[in-house]
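The values are calculated or read from the model by the stated rules, or taken from the named source; none is laboratory data. As the structure is a prediction and not an experimental result, all values here were calculated from the model. Using ideal geometry, Cβ is built from the backbone for each residue, glycine included, and neighbour counts are taken over all protein chains shown. The accessibility values were calculated without ligands, DNA or RNA, using every heavy atom of the protein model including side chains. Shrake-Rupley method; radii C 1.70, N 1.55, O 1.52, S 1.80 Å.
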Amino acid sequence: MSIWFTEELHPYYRKGIRIKRVLADEQTQYQHLQFVETEFFGNAMILDGIIQLTERDNMGYHEMITHVPLLAVGKPKRVLIVGGGDGGSLKQVLRYPSVEQVLVCELDQRVVDLSREHFASFGDPWADPRAELLIRDAFGFLEENPGQFDVIISDTTDPIGMAERLFSDEFYKLVVRALTPHGAAATQCEQPYFDTQLIKTIYQTAKMLTKNPAYYYANIPTYPGGGIGFMYVSNTPWENGLKTPYPAGVNEYINPDIHKGAFALPEFFRKELYG
Ligand code: SPD
């Protein structure tokens, strides 16, 4: 018998992956959290009916959301991850020997606990003494920590329900305020076809707050439209990262051509965003 998990993004768009079995299914204090073993993509985490990551294709998302700002900054020391309780971004950040501390500000402890259990392929980055988990809302933490972080990564779910605030002007102002002067942020910034207006608004905000924001994109087959974009937010040009060597360890997605090419946008969307 085949079981399909179907994610319905809009009344006019849905996508599905075939699953072998459900590994966990619970209503946490904040959300409906599921882990499934899929036919092709390894284990996957689903939040409120939305696929967050799979073992097979998460590397495109996690390598791109982390290495682009980390390489641009050069020798980052203090890093903040907003969300990211699955540990995928944390694993990439810890590859940098210059990093002294990585704070992960995640609301839901169950995301961390069940990810440790079901994403053993991440190799438990939480065991690294530089990693620190804060179970709390990121807004208050950002407010309390101006000018503290060389890199901030906003590794969130979609702008639905309680996560909607993480796509607001107010959030971006707090993120930029929490960066060091040459620091850089990268945020999960949705899909050019389905979220054009939201991305435009965020870009305009980022442009008011920093000198060199830019949108870039990665292919992730289990996300709607087959991929997702990120907003790079910084006074430091992202191109600086092209001159920085990759940290030790294996890259599965990013390489110099992908890094550069990710910022090339399809014409319809380039015009929308940059005019
Ligand atoms: N449309 C789904 C977007 C999910 C982005 N969040 C992924 C979290 C992985 N750490």
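Here are a few things to note about the model shown:
- Computed from phi, the 3J(HN,Hα) profile of segment 240-253 under the Karplus parametrisation 6.51, -1.76, 1.60 (θ = phi - 60°) reads 4, x, 5, 8, 8, x, 5, x, 4, x, 9, 8, 9, 10 Hz, with x in place of Gly and Pro.
- Mean Cα-pair separation over length for segment 136-275, i.e. relative contact order, pairs under 8 Å, 6 or more apart, %: 22
- Carbon/sulfur fraction of accessible area - the chain, other protein chains in place, 1.4 Å, %: 52
- Length available on full extension from PHE139 to HIS32: 0.36 nm per residue minus the Cα-Cα distance, which gives 36.3 nm.
- Normalised per residue, the accessible area of the chain is 44 Å², obtained with a 1.4 Å probe and no contribution from ligands, DNA or RNA.
- Linear extension gain, LYS271 paired with GLU132, 0.36 nm per residue minus alpha-carbon span: 45.9 nm
- Three-way shape label, segment 3-53, alpha-carbon gyration tensor, a/c 1.5: oblate
- Other residues with beta-carbon under 10 Å from the beta-carbon of ILE199 carry, at +1 per Lys or Arg and -1 per Asp or Glu, a net charge of -2.
- Note on PHE194 and ARG56: their simple-model spin labels are 1.9 nm apart, each label 7 Å out from Cα toward Cβ.
- With one equal scatterer per alpha carbon and no solvent term, the Debye-computed log10 I(q)/I(0) for the chain at 0.09, 0.11 1/Å reads -0.37, -0.57.
- Computed E for ASP25/ASN240 - FRET, C-beta separation, R0 35 angstrom, nearest 0.05: 0.20
- Local net charge near THR180, Cβ-Cβ under 10 Å (Lys/Arg +1, Asp/Glu -1): +1
- Segment 202-275 and segment 26-90 have Cα centres spaced 17 Å apart.
- Distance between the modelled labels on ALA120 and PHE263, one decimal in nanometres: 4.1 nm (7 Å Cα→Cβ projection).
- The label point for LYS77 and the one for TYR13, both projected 7 Å from the Cα toward the Cβ, are 4.3 nm apart.
- DSSP bridge pairs, segment 58-274: antiparallel proportion in percent, nearest 5: 35
- Using θ = phi - 60° in the Karplus curve 6.51 cos²θ - 1.76 cosθ + 1.60, the 3J(HN,Hα) couplings for segment 117-126 round to 6, 9, 10, 4, 5, 6, x, 6, x, 5 Hz; x is entered for Gly and Pro.
- Shown in residue order for segment 68-74 are the 3J(HN,Hα) couplings computed by the Karplus curve 6.51 cos²θ - 1.76 cosθ + 1.60 at θ = phi - 60°: 4, x, 5, 5, 5, 6, x Hz (x for Gly and Pro).
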